[in-house]
Amino acid sequence: MLSFSLFLYVGSVAAESGIDAWLRYAPLHSANSIPSLPSRIVSLNTSVNDPVHIAGVELQKGISGILGQNLSITSHEADSDSSIVVGTLIEYSNAYGHSAKTPSLEADGFWLNTTGPTVQILGQNERGALYGAFEYLSMLAQGNFSKVAYASNPSAPVRWVNQWDNLDGSIERGYGGPSIFFENGLVVDNLDRASEYARLLASIRINAVVVNNVNANASLLSPANLEGLGRLADAMRPYGVQVGISLNFASPAANLTYGNLTTFDPLDKGVISWWSNVTDAIYRRVPDMAGYLVKADSEGQPGPLTYNRTLAQGANLFANALKPHGGILMFRAFVYNDQINESDWKADRANAAVDFFKGLDGEFADNVIVQIKYGPIDFQVREPTSPLFAHLQNTSTAIELEVTQEYLGQQCHLVYLPPLWKTVLDFDLRVDHKPSLVRDIITGKRFNRPLGGSAAVVNVGTNQTWLGSHLSMSNLYAYGRLAWNPADDPEAMLQDWIRLTFGPDPTVMKTITSLSMASWPTYENYSGNLGIQTLTDILYTHFGPNPQSQDNNGWGQWTRADHKTIGMDRTVSNGTGYSGQYPAEVAAMYENISTTPDNLVLWFHHVNYTHKLHSGKTVIQHFYDAHYEGADVAQTFVTQWEGLQGKIDEERYNETLFRLTFQAGHSIVWRDAIANFYHNLSGIADAGGRVGNHPWRIQAESMTLDGYVPYAVSPFEAASNATGIVTSSNSTTGTASTTLNFPNGTYDLAVNYFDMMGGNSSWTVSINNHTVGSWLGDNVDSGRLGHAASVYLDAHSATRITFRNVTIAKGDVLIIVGTPDGIEPAPLDYIAILPKGVVD
Ligand code: GCW
C-alpha cells in the first residue's frame, strides 16, 4: 500500500500542460481513508452523443484516475450489486418502474444521493445528469467521501459564455492564442478542442457558447459556415452545450452573395423575411441553437438607429425570427456614442445605457434578454453597479462579465475576479426601497422574469492552458459556479478549484488562496484607485499604464484630471446627473460625497488632489501609497510562489513563476508611471518621499554609451527619467557601461528594458567582464506572454529582468551589451542594484 501511494504521489507531480484544467482526475494521495465505492456504473442512456452516456464515461474515467478503480458501465441494473446510477428522472422511472424520490428539480437541475449502497445521480434533463456526475467527481477528486443527498438547481436558465473569435482565427481581447473554432474565414476541420472546451464548460454548468465576436462578420452566415456551425454544434452537443452566434445587424445588405438587399431596416418586410429565412436555415442544421447575440449601434457596429428605429424594434426583429425555434436573443446594452465632447461638463458615457434603454422597458419580445456589462463603462478595475439593472423591470436581463482580463492585466497579471464581480452581484439597488440585489434581478426573482442569467466573455484559445495562464483558469471555474449560484463564496470556490487543479497539499492551498485573494486589491492599488478606472492605455493595447489616454478624446472614459483636480462630477446637483440614474436611496448615497465610499469617490465627484478621504488621507497621497503598496505586494507573489517548488509539477510551477515574475516587474512600471504622472500634474510631493526618488537606480542614458543613443520615451512616465536608450541603428550593437558606487555586498540586479513586437533583441550584462546574465527580448514575439503587444518603447513593452544575489563591490564596472533585432533596437531604461528587501 505504501509503495502504491508513493507511486501515486510521483504521478501527480509529472509535467502538466494545463489542458485538463480542473478535470485532471489526479490520483488521491491518502489511499487508506478511501471507502469502497460501488462496482459498476449504470448509465440510463447508451446513445453515444447523449449527455447521460457522456456522464457514464466521465464517471468511469474520473474514478479510474482518482481512485484507480476500473468500473464497468452497463445500461441498467443487472443484479442487486451496488452501483452508480446516472440518468434523467424519466429514464430512471422507465428503467425501474417507479419514480425516484427527489425534491423538485428545475431544468438542468440534479439530485445527488450518496447515502445508500447505490449512488444516485439524476438530472431533471440529460444535461442535469451530466452536471450531477461532474459534481460527484469533483467531490471524489477533492477526497470528499461524505454521505450526501441533495438537489441542486440553477439560479437562472441562461449561463452562457461569449467568445470574441473572428473568422480569420484571431480573437478580439484574447490572450490564450488563436481561435479553437475558426481559421481562414471558416470553421476549423478538427473540432477536438471545441469538444474539450464543451466538456470543461459542462463541468461548470455552462449551457451555451456564443462562438463568434460581437463585432460580427456577416460572412458567418455563408453556406460553408452554416455547415461549419452545424459541426461545431455537433461537437458540443454531447456535453449539453448549445451554440449561439453573434450577428451583424447589416447582414441583409452586406455585399455578399447571400446578403442581397439594399436595406437592413428592421421594419422592412424584405429584411424581416430575410432574417426569418436565414434563421430557419440555421435551425435546419442546428436544431437546438441557443440563440443570437447582437451588438448594435455601438462602436461602429450597424443597428436600428440608422433607420430611426428603436433598439427594441431592432432586437425584436431577431427575437421574432428565433421564437418559433425556441431561441433567445441576447441584446447588448453596451450602446453609447464614442464621440462625446469632454468640454461639455454634463456629457457622460456612463449615462448611455440607461438613456438608451430606460424608455424601452416592456417593449422587448419575451425571448429577449438585455445583456448588461457589470458597470456603466467597460470592465474597469472597479465600477459602480450598472444602474440599468434597476430600470428594466419588464424586460429580462443578464449580467455580462469578462473572464478574459482585457483591462486587468491580460492574464499576465494575476487577478482573481470573483471578489470584483461580487461587488456588483451582491449590490443592493433598493428599487422601490425594497431589497434588490443584482443577483436577484438577473435571475428573474426580483421582477418576476421568466428568463435571465449571466454571460461572460471568456476568449480561450489554442494555448494548452486555455487562457494563457494556469492561475487565470480560476476565473473561468468560478464564473460557472456563480452563474449557477451567484451567492457562492469567492474563497470557497477558489479553494475547490485549487484542490482540483493542483491537489490537496495544504501549503499549495494556503499560498494560492493568499495570492489569489490579494490579487484584485493589489492590481487595483497599482492601476487605478478610488474609482478613477484602470488608467491603462484605452486607445491602444489596454495593457500597460497610460493615464493621459483617458482624456481629450470622445470615448468618454474621462478622469478630468488637471493640475489641481481630478474625477468625474456625476452628481445631479452639479455634474452629469449619472448618480440620479439610481433608485433614491443609492442615488442619495452617491450624490453626497460624505456618503460616497472612498473606493468610488472619483467616479462620482470632481475634487482637489488635496481632498481628504474618509480614510484621512488626501486623494493624491492615497494614489502614491496605494501604488507603492500594490507593487510591494506583487513582489511577494513571486516569493510566495517559490515556496511551492516541488509541490507542483515543474511545468506549471515554472510557467506560473515566469508570469508572476513578469507581473512583479510590471507592477513597478505601473507604480512609477501613475505616481510620476500625477506627481508631475499636481506638483504635490509624496509625503513618503518615494516618488521620483530612486537611490538604487542608474539611468541607462547616464551610463557611458557606445553605439547606444538616448531616446525620449512617450508617454514620458513610461520610462524612468522619461528617457531610455536605443542602439544607433538596427544593425549595430550598443554598449552601456557604468562604474558602480554602492557599498560592497550582495544585491539583486534588475534591468528594465523594452520588449517590443517585431524583434527579439538580445542583451548581456556583465560585471568586471564576468557575465551575470544574458537574455532575449522575445516574450511578446514568441507569444510566451500573450498580452497585446506594442511596437513602441512604452509602458506596455516595459519589462524587468532580475538577476538575484549578485556580489558587487565599490568600483566594479558593469557593462550591458545590446544587440538589436528587427525593429527592436535593444532598448534599455535603467538598472537597479537592490539590497535585500528593497523594491525599486
Ligand atoms: O471592452 C470593449 C472592448 C472591445 C469590445 C467592446 C464590446 C468586442 O475594448 O474590444 O468589442 O468592449 O464589448 O463590444
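The values are calculated or read from the model by the stated rules, or taken from the named source; none is laboratory data. Predicted, not measured: the structure shown is a model, and the values here were computed from it. Glycine also receives a Cβ, built like all others from the backbone with ideal geometry; neighbour counts cover every protein chain displayed. Each accessible area value is taken on the protein alone, full model and side chains, heavy atoms only, with ligands, DNA and RNA left out. Shrake-Rupley method; radii C 1.70, N 1.55, O 1.52, S 1.80 Å.
The table that follows gives values for the structure above.
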{"item": "Sites A15 and A224 - FRET efficiency at Förster radius 25 Å, r taken between beta-carbons, to 0.05", "result": "0.05"}
{"item": "Per principal axis, descending, Cα span of segment 40-152 in whole Å", "result": "32, 28, 25"}
{"item": "Stretchable slack from K564 to T507, in nm (0.36 nm times residue separation minus alpha-carbon distance)", "result": "15.7 nm"}
{"item": "Kyte-Doolittle at least 0.5, axis length at least 30 Å by Cα - qualifying DSSP helices, the chain", "result": "none"}
{"item": "Cα-Cα pairs of segment 566-690 separated by more than 17 Å (percent)", "result": "66 percent"}
{"item": "Estimated FRET transfer efficiency (V791, S72; beta-carbon r; R0 51 Å; 0.05)", "result": "0.30"}
{"item": "Packing rank of 355-366, 141-152, where each peptide gets the mean count of other beta carbons within 10 Å, highest leading", "result": "355-366, 141-152"}
{"item": "Intensity falloff of the chain expressed as log10 I(q)/I(0), Debye formula with alpha-carbon point scatterers, at q = 0.09 Å⁻¹", "result": "-0.94"}
{"item": "Share of alpha-carbon pairs per 10 Å distance bin for segment 697-835, given as whole %", "result": "13, 46, 33, 8, 0"}
{"item": "Share antiparallel - DSSP beta bridges, the chain, percent rounded to 5", "result": "60 percent"}
{"item": "Over segment 81-125, volume per residue of the alpha carbon convex hull, in Å³", "result": "66 Å³"}
{"item": "Cα-based reach from K612 at 16 Å (exclusive), listing lysines while leaving out same-chain residues under 8 positions away", "result": "K564"}
{"item": "Heavy-atom accessible area per residue - segment 673-777, 1.4 Å, Å²", "result": "42 Å²"}
{"item": "Taking all pairs of distinct alpha-carbon atoms in segment 372-445, Kirkwood radius in angstrom", "result": "12.9 Å"}
{"item": "Stokes-Einstein D (µm²/s) once Rh is taken as the Kirkwood radius of segment 474-571 over alpha-carbon pairs, at 37 °C in 0.692 mPa s", "result": "202 µm²/s"}
{"item": "Extension gain, T733 back to A809 (0.36 nm per residue minus Cα-Cα distance, nm)", "result": "24.6 nm"}
{"item": "Nearest-0.05 FRET efficiency for N574 and Q464, computed from C-beta distance (R0 60 Å)", "result": "0.65"}
{"item": "Segment H98-Y540, extension gain: residue separation times 0.36 nm, minus the distance between their alpha carbons", "result": "152.8 nm"}
{"item": "Highest to lowest packing among 800-812, 574-586, scored as the average C-beta count within 10 Å", "result": "574-586, 800-812"}
{"item": "Separation in nanometres of the label points that stand 7 Å from Cα toward Cβ, at E172 and K445", "result": "3.4 nm"}
{"item": "Cross-link partners of K810 among lysines (Cα-Cα below 22 Å; sequence separation of 8 or more within a chain)", "result": "K836"}
{"item": "Kirkwood hydrodynamic radius (C-alpha pairs) into Stokes-Einstein, segment 544-602, 37 °C and 0.692 mPa s, D in µm²/s", "result": "260 µm²/s"}
{"item": "Taking all pairs of distinct alpha-carbon atoms in segment 499-539, Kirkwood radius in angstrom", "result": "12.2 Å"}
{"item": "Part-to-part distance (alpha-carbon centres) for segment 312-362 and segment 698-773, which is given in Å", "result": "50 Å"}
{"item": "Reachable lysines, given that their alpha-carbon falls under 25 Å from the alpha-carbon of K269 and they are not under 8 places away in the same chain", "result": "K295, K323"}
{"item": "Nitroxide proxy distance, nm - points 7 Å out along Cα→Cβ at N144 and K346", "result": "5.4 nm"}
{"item": "Distance from segment 67-145 to segment 636-686 (C-alpha centre basis), Å", "result": "46 Å"}
{"item": "Net charge contributed by nearby residues that have their C-beta within less than 12 Å of G65 (K/R +1, D/E -1)", "result": "0"}
{"item": "Solvent-accessible area, 1.4 Å probe, carbon plus sulfur percent, for the chain", "result": "51 percent"}
{"item": "Distance between modelled label sites at E106 and E629, nm, 7 Å Cα→Cβ extension", "result": "3.9 nm"}
{"item": "Mean shadow area of segment 489-639 over all directions, Cα convex hull, nm²", "result": "11.4 nm²"}
{"item": "Sorted peptide list for 587-594, 240-247, criterion being average Cβ within 10 angstrom, highest first", "result": "240-247, 587-594"}
{"item": "Two-decimal Rg/Rh across segment 158-500, once Rg and the Kirkwood Rh are taken from alpha-carbon atoms", "result": "0.95"}
